Structures are given as structure tokens and as C-alpha cells.
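K.L.:
I have a structure here, written as C-alpha cells, and I will follow up with some questions on it.
Each reported figure results from applying straightforward, stated rules to the coordinates on display, with no laboratory input. No experiment lies behind these values; they were computed from the predicted model shown. Backbone-built Cβ (ideal geometry, glycine too); neighbour counts: all protein chains shown.
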Amino acid sequence: MVTARHKRRAAVLSGAVALALALAGCGGGGGGAKAPAAATAAPSPSKKADPDAAEKVAVLEAYQGMWEARNRTYATAKLDPQLETYAGNRALSNIKVTLLYHQEHGTVMTGTPVNAPEVDGFDDAKTKAVLRDCVDTTTYNEVEAKTGKAVPVGTGPRRHVYNASAIKTGGKWVIWTTDIDRAATC
């Protein structure tokens, strides 16, 4: 299934590849023959390459890694060994508290939440990032681990804004804080 996140990632990666190819063609070379003018494409004046594209991709990969490890944790009611690779500080503690809830109540999560994260910005040093996500939990359900019986769900909306921050440490991005804004739907 192609999600908005996949489309954005493809667009960012396509732009980065196009920029790299364009820059590779700008280097000085020998006195060989020049390519015909029709073979080169003029850059679109209305589109500028995002100077933060590579960092945004790296942040989103860490965020997706956290969600995948989080989903495995909640599906098994056991801490996924990859979780601490992607989550730290309050993001990690929030997941561990929810894991404890599932263990104490004998429940697990089934299905998969749908994410649509975006990097809202960076600090000047590019060591901190802010993310905003729209999380759809329509097909993500809590069930009793032993019986598979569904745990009743409230009648409220199943799409919420999920805010997060990330820090760059040791050359890699780690999701640092997470907060569900239950009052905001998306």
C-alpha cells in the first residue's frame, strides 16, 4: 500500500538524486565534445532543492524505525530489541509505560497504525528536529492476548496529531519526545 509518507519519501529521494546528477554534470572535465543542448534540462525556476532533504530523510527513517519497533513491542507485549536504536528519553519511556499497561492487562495490539509524518524544521545546528504526524488507528486494535477478543474502543476519532522531536547524537537521529494531541484530529 502506498501511503502519503511513501510518496513524500519518493519525492524527496527523487529530488536528491536529480540534484546529485545535476551537480555531477557540472564538474570540470577534459576537452571532450559537449553534449547537444537538447540533452540538458534547465532547472525549473519555481522549484529549489531542499538543502535539508538528506537530513529530513534520515530523521524520517529514525521515526519510522521507532514506529516499527513500537508496533512489534505492542503486538507481542515484549520490548523489541531494536527500540532503543530509534527512541530515547521521553519517547522511549512513553512506549515502555504503554508496554507495562499491555503486560498488566494481558492485551496486545493487532493491525497497523497509518502514519503521515513530516519534519517541520531543524535548529540552526541541525542537531534537533521537530516532527508532526497524523496517526490513523482505525485498523489498530487492542485485543486480549490469550483469546484474541477485542477490547472495547471508545467512540471518539481514531486519527490524531502526534508531535515528536528528534536529536542527532553520535551521528544518528534518535526520536527524543513524543506527544499525542488527543484534542486535535487530522
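K.L.:
Which residues, taken from segment 162-186, are of a type in the set (A, V, I, L, M, F, W, C) and either closer than 12 Å to PRO117 by Cβ or assigned to a strand (DSSP E or B) (or both)?
P.N.:
ALA164, ALA166, ILE167, TRP173, VAL174, ILE175, TRP176, ILE180, CYS186
K.L.:
Quick check on ASP80: is it of a type in the set (D, E, K, R), closer than 30 Å to PRO51 by Cα and out of contact with any Cys (no Cβ under 7 Å at 6 or more places or on another chain)?
P.N.:
It is false that ASP80 is of a type in the set (D, E, K, R), closer than 30 Å to PRO51 by Cα and out of contact with any Cys (no Cβ under 7 Å at 6 or more places or on another chain).
K.L.:
Still on this structure, please answer the following. Within segment 98-136, how many residues turn out to be acidic (Asp, Glu) and under 18 Å from ASP179 (Cα atoms)?
P.N.:
Summing the residues that are acidic (Asp, Glu) and under 18 Å from ASP179 (Cα atoms) in segment 98-136 gives 4.
K.L.:
Of the residues that sit in segment 150-186 and are in contact with a His (Cβ under 8 Å, 6 or more places away or on another chain) and under 18 Å from VAL130 (Cβ atoms), which one is surrounded by the fewest Cβ atoms within 10 Å (Cβ to Cβ)?
P.N.:
By that ranking, first place goes to ASP181.
K.L.:
For segment 96-118, enumerate the residues that are over 19 Å from ASN163 (Cβ atoms) and touching a Phe, Trp or Tyr at 6+ places or on another chain (Cβ under 9 Å).
P.N.:
Selection gives LEU99, HIS102, THR107, VAL108, MET109, THR110, GLY111, THR112.
K.L.:
Which numbered condition trips up CYS186, out of (1) without any contact (Cβ under 8 Å) to a residue 24 or more places away in the chain; (2) more than 15 Å from the chain's Cα centre (by Cα)?
P.N.:
Condition (1) is where CYS186 drops out.
K.L.:
Do you know which residues across segment 86-121 are of a type outside the set (Gly, Ala, Ser), surrounded by 14 or more Cβ atoms within 10 Å (Cβ to Cβ), under 19 Å from the mean Cα position of the chain (by Cα) and not in a loop (DSSP other than H, G, I, E, B)?
P.N.:
TYR86, ASN89, ARG90, LEU92, ASN94, ILE95, VAL114, GLU118, VAL119
K.L.:
Among the residues of segment 46-64, what is the count of those that are out of contact with any strand residue (DSSP E or B) (no Cβ under 8 Å at 6 or more places or on another chain), in a helix (DSSP H, G or I) and farther than 14 Å from ASP133 by Cβ?
P.N.:
Residues meeting the conditions: 3.
K.L.:
I'd like to verify a number: residues in segment 61-95 that are within 19 Å of ASN163 (Cβ to Cβ) and of a type in the set (Lys, Arg), how many?
P.N.:
The qualifying residues number 2.
K.L.:
Right, next: Which one of ALA145, ALA129 is surrounded by 12 or more Cβ atoms within 10 Å (Cβ to Cβ), in contact (Cβ under 8 Å) with a residue 60 or more places away in the chain and under 18 Å from GLY65 (Cα atoms)?
P.N.:
Exactly one of ALA145, ALA129 is surrounded by 12 or more Cβ atoms within 10 Å (Cβ to Cβ), in contact (Cβ under 8 Å) with a residue 60 or more places away in the chain and under 18 Å from GLY65 (Cα atoms), namely ALA129.
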